[in-house]
Amino acid sequence: MERKPIYMLANDLFFASKVVKTAGASGIPARAFDTAGRLVEAARENTPSLVVMDCERLEKEAFRLLEEFRADEKLSRVPCIGYLSHTARDLKGEMLAAGATQVYFRSEFSKQLENLLIRYAGGLPSRI
């Protein structure tokens, strides 16, 4: 059975590769995009199980992605979780109001990545 992919909106290659590698280790295909338009286009072709967004570095793109996903009947049910730094604390509420499923601080997201993949994308059970 083919698993639905995880898509990521990010321009930090180091962080994106961490998510892609962690997902891959759980048997979940993952792909990173640097624009909302490319991610939405790919999602319309192959609906992901989860979208992860860099809400701070790609703030405008994240809002655009949420707007497009929430307006599309097929994509509106896809969980969209985001991450940002502690210094962007005010942005968290704005992202949630725009339709993000959950927004984590970057350090929390990193620590919980494996468990988040299990929760939102049906990854393999945690080794913990």
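No value in this document is a laboratory result; all are computed from the given coordinates. Bear in mind that the values here come from a model prediction, so they are computed numbers and not experimental data. Neighbour counts run over all protein chains shown; Cβ positions are idealised from the backbone, glycine included.
The table for this structure:
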{"read-out": "GluC sites (Glu not before Pro) lying in DSSP loop within the stretch 1-79, provided at most 11 other Cβ fall within 10 Å", "value": "E2, E73"}
{"read-out": "Helix-only mean residue ellipticity at 222 nm for the chain, each DSSP H run of n ≥ 4 adding -39500 (n - 2.57), per residue, nearest 500", "value": "-15000 deg cm²/dmol"}
{"read-out": "The chain: most fluctuating residue of L66, L116, L50 per GNM, C-alpha cutoff 10 Å", "value": "L116"}
{"read-out": "Shape of the chain, Cα gyration tensor, a/c cut at 1.5", "value": "oblate"}
{"read-out": "Farthest positive-ward along the chain dipole, Cα basis, beta-carbon charges - from Q112, L13, F69", "value": "Q112"}
{"read-out": "Set of aspartates and glutamates near K74 by C-alpha distance (under 14 Å), chain-local residues within fewer than 8 positions excluded", "value": "E41, E45"}
{"read-out": "Reachable lysines from K21, criterion Cα separation under 24 angstrom, eight or more residues apart if same chain", "value": "K4, K111"}
{"read-out": "Fewest-first sequence of T101, T22 by Cβ atoms within 10 Å of each Cβ", "value": "T101, T22"}
